[in-house]
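Asks: This is the structure I want to talk about, given as structure tokens.
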Amino acid sequence: MNTTETLELIASLEGYLHDLRDSGVDGLPLGAAVAAIALPDAVPAAHSPALPPVAADSESPVGFVAEGAIHGLDAVREELGECHRCRLGDTRTTLVFGTGNPRARLVFVGEAPGGDEDRQGIPFVGEAGQLLTKIIQAMGYGRDEIYICNVLKCRPPQNRNPQADEIEQCHPFLLKQLRAIGPEVIVALGSFAAQTLLKSKEPISKLRGVFHDYHGIPLMPTFHPAYLLRNPGAKREVWDDMQKVMKRLGSQGGKG
Ligand code: SF4
């Protein structure tokens, strides 16, 4: 599908959604949202009015922060500096700290920057990142409403697996980041993020689908978008997981 066709499809879908809303339809069935994720080149602004919106000024119920989150995140970034605490500081192009709402109710945590992220300094901007964006949109959010970061802030050479000493050096900054934000729910994307955050050796297929505890915050492990690119059939399971996340956010008072 070329760019013109993609834009036409997006416009057509947006028009269709507007028509539905105007005709009084206040939500889409599960299949429609899954289909939206499945579209390779076009995802409509699949905001479901049934979902609770995420507001930048909503209060977090998590005791361990929220107030002054912006300053908190700035302080963490400042402390990190032009970090060379592990060897990845010598090979990265750009340190990828994180992006999004500093008071987000929902945070996605991935593994480490890839090539595109290393060049741009923004997490999840490559092909897998574009799929994550579609998932986020299908949940009814924009990337600026949630927060996205990685366990490691610097790209491992050739995208190799992170090493234990690199995690040991970098993980404290992720913890400080999450404390500064004070989200209500964390989603760990893929085995590496889930196992690191939960200090577990269980495979993601065993960890996903249920909430775990991360320093008092509910954490939902799910498959990494890069895995979904190779195994599109797993989108259904990811969508099941995201529905639980949406329900959790909605069931906590519908703040925002
Ligand atoms: S990966 Fe983390 S600890 Fe290592 S250099 Fe980058 S920011 Fe520092």
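Asks: Give, in nm to one decimal, the length gained when the segment between Gln120 and Leu175 is fully stretched (0.36 nm per residue of separation minus the Cα-Cα distance).
Replies: Additional length available on full extension: 17.5 nm.
Asks: Right, something else. In the stretch 167-242, which trypsin sites (Lys or Arg not before Pro) fall in coil by DSSP and have 13 or fewer other Cβ atoms within 10 Å? Show your work: numbers first, answer last.
Replies: Values: sites: Lys176, Arg179, Lys199, Lys201, Lys206, Arg208, Arg230, Lys235, Arg236; in loops: Lys199, Lys201, Arg208.
Qualifying residues, ordered by number: Lys199, Lys201.
Asks: List the lysines whose Cα lies under 29 Å from the Cα of Lys206, skipping any in the same chain that are fewer than 8 positions away.
Replies: Lys134, Lys153, Lys176, Lys235, Lys244, Lys247
Asks: Next question. At a Förster distance of 22 Å, what's the computed FRET efficiency of Lys206 paired with Lys244, Cβ-Cβ distance as r, to 0.05?
Replies: Working: r = 16 Å, r/R0 = 0.73.
Calculated transfer efficiency: 0.85.
A short reminder: the numbers here are calculations on the coordinates, not readings from a lab. Remember, predicted model here, so these are calculated numbers, not experimental data. Don't worry about glycine lacking a Cβ; one is built from the backbone with ideal geometry, like all the others, and counts go over all protein chains shown.
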